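Engineer: First, the structure itself, so that you have it in front of you.
Values quoted throughout were computed directly from the atomic coordinates according to the rules given, and no laboratory measurement underlies them. Keep in mind it's a predicted model, so treat the numbers as computed, not measured. Counting neighbours? That spans all protein chains shown, and the Cβs are built from the backbone with ideal geometry, glycine included.
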Amino acid sequence: MKVYFVGAGPGDPELITVKAQRLLQNCQICIYAGSLVSPAVLELVPHHAEKHDSASLDLDEIVAIVRDAARRDIDVVRVHSGDPSIYGAIREQMTELDRLGIEYEVVPGVSSFQAAAAALKSELTAPEIAQTIILTRTSGRTPMPAEQDLEILAATHATLCVFLSAHKIEGVAETLARHYGRECPAAVVYRASWPDQQIIRGTLADIAEKLSAAGIRKTAMIVVGHALSRDVPASKLYDPAFTHEYRTGKEP
């Protein structure tokens, strides 16, 4: 018996791995992360399979389902949204499985920050502007370590992908504007890759107002950084004059 922590991707059922699809289509017991997992992804689970919505379950209740499956020698597919390694809360589950001696495996998935970048048709890195991407969130009931405060991260001028913070967009924009400037491009992608996906584009000066007008307060990715600008230096990779291991540059 084995537990598979499966990344369900951002929402589009075609944005899951072949391995995830196979596991979902053949599972007998599925525990999924509530409304965060697209119904279209859950449709891959056989109708006869046991399905458990973990939204209302605590850790002990989840573990109880797994222990019962272990007694019956049936694999469990534990479905998390996006990629399980990012805000997936899988560590405590794996700790319990270690304690019980139950084998498990993690199957990665496409993260919402990647789906948001795709929706924006943007490259999150740009030569000489941003060669670093930071995935972060603002503090809430889960506090942030002081050294990872948004004010400190903003000093890097990296491209920031801010999870779970659309309801705090006013404070986020105000904080980042002090480092990136008020005219820095900013975007919010609501439910990236879902049928009702929405894209809000603006700058740090107006993104909060635009988001408020759209009525978006959750399930959205905030992306901020000068790499989102259309006016960025071109990569040297395809410059005809650029020489690398596989090509000799041409004289201008």
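Engineer: Using the Cα centre as the reference, give the magnitude of the dipole from point charges on the C-beta atoms of segment 112-228 (Lys, Arg: +1; Asp, Glu: -1; all else neutral), rounded to the nearest 20 debye.
Structural biologist: Values: 11 positive and 11 negative charges, 84 e Å.
Charge dipole of segment 112-228: 400 debye, to the nearest 20.
Engineer: OK, next. Residue 186's amide H: which non-local residues (gap 5+, or another chain) put their own amide H closer than 5 Å, with H modeled 1.01 Å from N in plane and none for Pro or chain starts?
Structural biologist: Correct list: 202, 203, 204.
Engineer: Compute the relative contact order of segment 90-222 as a whole-number percentage, counting only Cα pairs closer than 8 Å that sit 6 or more residues apart in sequence. Each step should come with its number before you reach the end.
Structural biologist: Values: 176 pairs, mean separation 31.5, N = 133.
That works out to 24 percent.
Engineer: Using the per-residue mean of other Cβ atoms lying within 10 Å as a proxy for protection, in what order, highest first, do the peptides 15-23, 51-59 fall?
Structural biologist: Numbers: 15-23: 16.8, 51-59: 13.6.
Packing proxy ranking, top to bottom: 15-23, 51-59.
Engineer: Taking the DSSP beta bridges in segment 2-107 as the whole, what percent of them are antiparallel, to the nearest 5?
Structural biologist: Values: 1 of 19 bridges.
Percent antiparallel among DSSP bridges in segment 2-107 is about 5.
Engineer: Treating only the Cβ of Lys, Arg, Asp and Glu as charged (+1, +1, -1, -1), what charge dipole size does segment 2-107 show about its Cα centre? Round to the nearest 20 debye.
Structural biologist: Values: 10 positive and 17 negative charges, 46 e Å.
The dipole magnitude comes to about 220 debye.
Engineer: Please tell me the relative contact order of the chain in percent, rounded to the nearest whole number, where contacts are Cα pairs under 8 Å and at least six residues apart. Spell out each step's value before the answer.
Structural biologist: Values: 466 pairs, mean separation 48.7, N = 252.
Taking the mean separation of contacting Cα pairs over the length of the chain, I get 19 percent.
Engineer: What is the spin-label model distance, in nm, from residue 67 to residue 21 if the labels are put 7 Å beyond Cα along the C-beta direction?
Structural biologist: Simple spin-label model gives 3.7 nm for this pair.
Engineer: So what is the relative contact order of segment 72-124, in percent, for Cα pairs below 8 Å that sit 6 or more residues apart?
Structural biologist: Answer for segment 72-124 is 36 percent.
Engineer: Could you work out how far apart the two model spin labels at residue 57 and residue 206 are, taking each label as a point 7 Å from the Cα in the direction of the beta carbon, and quote it in nm?
Structural biologist: 4.7 nm
Engineer: Could you give the Stokes-Einstein D for the chain in µm² per second, using the C-alpha Kirkwood radius, 10 °C, 1.306 mPa s? Can you show the working numbers first?
Structural biologist: Numbers: Rh = 20.1 Å.
Answer, rounded: 79 µm²/s.
Engineer: Per DSSP helix of 4 or more residues, -39500 (n - 2.57); summed, then divided by the residues of the chain. What does that give at 222 nm, rounded to the nearest 500? Intermediate results must be reported in sequence, preceding the final value.
Structural biologist: On the way: 8 runs with 70 residues, N = 252.
The helix-only estimate for the chain comes to -7500 deg cm²/dmol at 222 nm.
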